[in-house]
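Derivation of every value follows stated rules applied to the coordinates shown; laboratory data play no part. Note that the coordinates shown come from a computational prediction; the quantities given were computed from them, not determined experimentally. No Cβ is skipped: glycine too gets one built from the backbone with ideal geometry, and neighbour counts run over all protein chains shown.
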Amino acid sequence: MVWAGLPASSWAFAIRIWLAIVLALYVSFWLELEAPSTAALTIAILALPTRGQVIEKAVFRIIATVVGITASIAIVGFCTQSGSLLLGAFAAWIGLCVYVVGLLDGNRAYAAALSGYTVALIAVQQIDNPQHIFESSMARGAAITIGILAITLVSDLLAAPDHHGQLAVKLNGLHRRVADYAGRAVSGEIMPATIAAGLLREIVALRPDIASLAAESSTGPTRSAAARSAMVGLVAELFAARALAALTASSPVREQITSLFEGDRGSARAALGVPHPGDRGNDWSDLMAASASWLTGELLRRDREVHKSLDALASGDRPPQAWRAPLFHSHRIAAEAGIRAAVYFLLAAGLLAIAGWPAAEVSLSFVGIIIGLGATTPDLRSFTTLALVAAPVASLMAGVLEFLVLDGVTEFPLLAIGLAPFMVGAALLISMQNPVLSGLGRLNLVFILALLAPSNPQTYNPETFLFSVLFLFLATGLLFAVQILIPPVSNDHRRRWLLRSARHDLSRLPCHDKADFTPEECMFRDAGRVSLVVAAGDDSPQHRAAIGEAMANFDQAAALRVCDAELRRLADNSIRAQVGSAYRALRERDATSMLTSAHALHQAGRPSQDRATLAASAALVLASVAFDSPPPDVAVFSRERKP
Amino acid sequence: MMHAFRELVIGGVLVAPIVRYVVATLVVIVVLRPALYFIGFSSLFSNPPVAELSLYLVIFGLLTLLL
C-alpha cells in the first residue's frame with residue numbers, strides 16, 4: 001500500500017518515532033528529569049525500522065554511555081589543573097574511539113563513537129564546572145534509559161516488523177544472483193572482476209544487520225546463526241563458481257558442466273561424462289577432468305548448504321553448520337582516521353579558544369558529535385558536508401516549530417501535536433532508499449530536537465535559540481574548514497594499504513599454525529577486504545585495476561587455504577613425500593610443481609579410491625590454475641582482464 | 001503491610017531500587033531465552049514481541065513484590 005508516494009511501512013515507522021518521542025518527553029517531564037531533550041534525542045538516534053536493530057543499538061548505547069561517562073570523570077579528574085592538557089586528553093580519547101570505530105562495524109562501531117562523543121557532551125560542556133560532571137552524567141543516563149524504554153515499548157505495542165523477513169528476502173536475492181553468476185561464468189561468459197567484487201560487497205554489507213537479529217526475540221540467536229551461515233556460504237559458493245569457471249575455461253567438459261546450471265541436475269551429473277575422483281585414467285586430461293568433477297561437486301554442495309541455511313532462517317531452526325563471520329579490519333586505516341579525528345578536534349578547540357567567545361564549549365561538543373557520528377559512515381567528509389547542509393534546514397524548521405507553531409504554548413498535547421509534522425517528516429526521509437536523503441532526514445531529526453531542546457517549562461527565548469543555531473553553524477563550518485586543511489585519508493591511500501595487506505596475508509600462506517578459522521570463514525574475512533577496496537573509489541581505471549588485483553588475491557588465498565585444509569586431512573604415512581612436495585610447491589607458488597604434485601597424489605589415491613587423497617589432488621589443480629596465467633578469453637579467477 | 005525497599009550503594013552512590021529490579025529482570029530474561037526457544041515460545045503467540053514484553057513485566061513485578 002502506498003500513500004503520498006511512500007509505502008505504508010514508512011508511514012508506520014515515522015508515526016512510531018513521533019509517538020516514542022512524545023512518550024519519552026511526557027515521562028521525562030513527569031519524572032522532572034533534568035535533561036528531557038536527551039530522552040527525545042535517544043529516540044532520534046535509535047530511529048531504526050525494525051525491533052532487533054533498535055534493541056541492539058539501545059544496548060550498545062547504554063554500554064557506551066557508561067564507558068563515556070567513566071572516561072569523562074577519569075579525564076577531568078586527572079587533567080583538571082590545565083585547560084590545554086584537558087583538551088589534549090579529550091582529543092586523544094576521541095581519536096582512540098575513532099580508531100576503535102575503524103576496527104568494528106554496525107552498532108559496535110556506533111558504541112565506540114558514542115563513547116567518544118559522550119565525553120564531548122558531558123565533560124566538554126562542563127569544562128568550566130568540572131564538579132558538575134557527575135550530576136550531568138546521571139541526568140543523561142536517566143534520560144537515555146527513559147528514551148530506550150519508550151521506543152522499546154512503542155516498537156513492541158505497535159508491532160514494529162521483525163528484521164529476519166527482510167534479511168531472508170535480501171539473502172535469497174543474492175543467492176539467485178550468485179547462482180546466475182556461476183551459470184554464466186561456467187558457460188564461458190567473460191565476467192569482469194567488478195561484478196564478483198560487487199556481489200561480495202553486497203553480501204558482506206549484511207553482516208551488521210545479521211548480528212542485530214540475535215536481539216530480536218527468543219529465536220533471534222538461531223536465526224542470526226542461520227543468516228550468518230548463509231552469508232558465509234554465499235561467499236564460498238561464489239569462490240567455487242569462479243574456480244570452476246577458470247578450471248573449465250579450456251576444458252572439453254565445459255558443456256556438460258554448464259548443463260548442471262540449466263536445469264535437470266540429476267541427469268546432468270549422470271551425463272557429465274567426466275570421471276569422478278575415483279575413476280580410472282592415467283593421463284593429465286583425466287586429472288583435469290577429475291578436478292573439474294570434484295569442484296562441480298563442491299559448488300553444488302555449497303549451493304545446497306546455502307539453501308538449508310536459508311530454510312533454517314525462515315523456520316527459526318538451527319542451521320546445518322554454524323559459520324562465524326570474522327570482520328576484516330585495517331589497523332593502518334583505523335589509526336590514520338583516529339589521528340585525524342584527534343587533530344580535527346584539537347584544531348577546532350584551538351580556534352574556539354583563540355576566539356574567546358563565551359559558551360563556545362557548546363560548539364566544541366557539536367564538533368565532537370559530528371566527528372564521532374561521521375566516523376561510523378564510509379566517508380567522513382561527505383557526512384560533514386551533509387551536516388553543513390542539514391544545519392540551516394534544521395535551524396529553520398526548529399525556529400518555525402518553536403516561534404511560529406508552538407509560540408509560547410505550555411500544554412503538553414499542543415507540544416505533541418506541534419512536533420508531529422516535523423518528526424514524521426524527518427522520519428519519512430530516514431526511511432527513503434536514497435542515502436543522501438536518508439542521512440539528511442536523520443541529521444534533521446537530531447538537530448531539530450537539539451535546537452528545540454524541549455523542557456518543562458519551555459523558555460521560548462529567542463536569544464538562546466539564536467546562540468544554539470550559531471554554535472551549530474560554527475561547529476559544522478569549522479569542521480568543514482579543518483577537513484579542507486587536513487583532508488581525510490584519500491581513496492588512493494586506502495586502496496594501496498588494503499592491497500598491501502592482502503599481499504602480506506597471501507605471502508604467509510599456507511600457514512602451519514593451528515587455524516583459528518575455517519577456509520570458508522577466512523574467505524569471508526577476505527571478502528570484507530575486497531568490499532573495502534570496492535568502496536574506496538569510483539569508476540576510474542585505477543580503481544578497476546585495484547579491484548582486479550584484490551579479486552586475484554582473494555582467489556589465490558582461498559585456493560591456498562582449500563589446499564591446506566585438504567592436505568591436512570591426509571594422515572597416510574605412505575604418501576608423506578607427496579604431501580611434503582605439495583606443500584613445497586604451494587610455498588614456492590609454482591603452478592607447474594603444484595600440478596606435478598597433484599598428479600602424484602592422484603596416482604597414489606587411485607588404487608585405493610581414497611577420496612581424501614583425490615580431493616587434495618583436485619584442490620592442488622585448483623591452486624595451480626589460481627597461480628597460472630589464464631587463457632586470454634577468461635577474465636575470471638586469478639588474473640582479471642585489466643581495462 | 002509496607003514493603004521495605006533496600007537501596008543499593010555503589011561507592012557511596014545510592015542507586016534506586018527500581019534500577020536493581022530492572023537489571024535483575026534483564027538478567028533473568030537473558031537466562032530464560034534458551035528455555036523459551038526450546039519450548040517454542042514465539043510460536044505460541046500471534047504477536048511474540050508483546051508476549052515477551054508481558055513476560056518481562058511479569059518477572060519485573062514478581063521481583064519487585066518478592067525481593
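Report the calculated FRET efficiency for A:Glu202 and A:Ile484 (r = Cβ-Cβ distance, R0 = 51 Å), to the nearest 0.05.
0.95
Hey, with R₀ at 30 Å, roughly what FRET efficiency would B:Leu62 and A:Glu32 work out to, going by the Cβ-Cβ distance, to 0.05?
The formula returns an efficiency of 0.55 here.
Grab the beta carbon distance between B:Val15 and A:Ala74, set R0 = 22 Å, and tell me the FRET efficiency rounded to 0.05.
Efficiency computed from Cβ-Cβ geometry: 0.65.
Give the distance, in whole Å, between the Cα centre of segment A:357-419 and the Cα centre of segment B:7-66.
36
Would you kindly state how much longer the chain becomes between A:Asp180 and A:Thr410 on full extension, computed as 0.36 nm times their sequence separation minus their alpha carbon distance, in nm to one decimal?
Gain on extension, A:Asp180 to A:Thr410, equals 76.7 nm.
On full extension of the chain, what length is gained from A:Ser315 through A:Arg584, given 0.36 nm per residue of separation minus the C-alpha to C-alpha distance?
92.2 nm
State, to one decimal in nm, how far the label point of A:Val2 lies from the label point of B:Asn47, with both points 7 Å from Cα in the Cβ direction.
Those two pseudo-labels are separated by 2.9 nm.
At 222 nm, what helix-only mean residue ellipticity would chain A give, in deg cm²/dmol to the nearest 500, using -39500 (n - 2.57) for each DSSP H run of four or more?
-24500 deg cm²/dmol
Can you tell me the order of A:373-383, A:340-350 when each peptide is scored by its average per-residue count of other Cβ atoms within 10 angstrom, highest first?
Descending mean neighbour count gives A:340-350, A:373-383.
Need the C-alpha centroid separation for segment A:47-81 versus segment A:23-43, integer Å.
17
Which order do the peptides A:532-545, A:211-224, A:109-122, A:585-598 come out in when sorted by mean C-beta neighbours inside 10 angstrom, highest first?
Output ranking for A:532-545, A:211-224, A:109-122, A:585-598: A:109-122, A:211-224, A:585-598, A:532-545.
What is the mean number of Cβ atoms from other protein chains located within 10 Å of the Cβ atom of each residue in peptide B:49-55, rounded to a whole number?
Averaged over the peptide's residues, the number is 4.
Starting from the Cα gyration tensor of the protein assembly as shown, multiply each eigenvalue by 5, take the square root, and state the resulting semi-axes largest first in whole Å.
Values for the protein assembly as shown, descending: 53, 29, 24 Å.
If you take each beta carbon of peptide B:39-47 and count the beta carbons of other chains within 10 angstrom, what is the mean?
2
Arrange the peptides A:8-18, A:200-210, B:42-52 so that the one whose residues have, on average, the most other Cβ atoms within 10 Å appears first.
A:200-210, A:8-18, B:42-52
In whole Å, what is the distance between the alpha-carbon centres of segment A:163-225 and segment A:294-313?
Computed from Cα coordinates, the inter-centre distance equals 13 Å.
Please report, in whole Å, how far the alpha carbons of segment B:8-66 spread along each principal axis, starting with the longest.
In descending order, the Cα extents are 46, 19, 18 Å.
Summarise the partner chain shielding of A:212-220 as one whole number: the mean count of Cβ atoms from other chains within 10 Å of each residue's Cβ.
The shielding value for this peptide is 5.
Within segment A:1-35, list the residues whose amide N lies under 12 Å from a label point set 7 Å along Cα→Cβ of A:Leu153.
Zone members listed by number: A:20-31.
Could you work out [θ]222 nm for chain B from helices alone, using -39500 (n - 2.57) per DSSP H run of at least four and dividing by all its residues? Round to the nearest 500 deg cm²/dmol.
Calculated mean residue ellipticity at 222 nm is -21000 deg cm²/dmol.
So if each residue of separation counts as 0.36 nm, and I subtract the Cα-Cα distance between A:Asn172 and A:Asp539, what length gain in nm does that give?
129.3 nm
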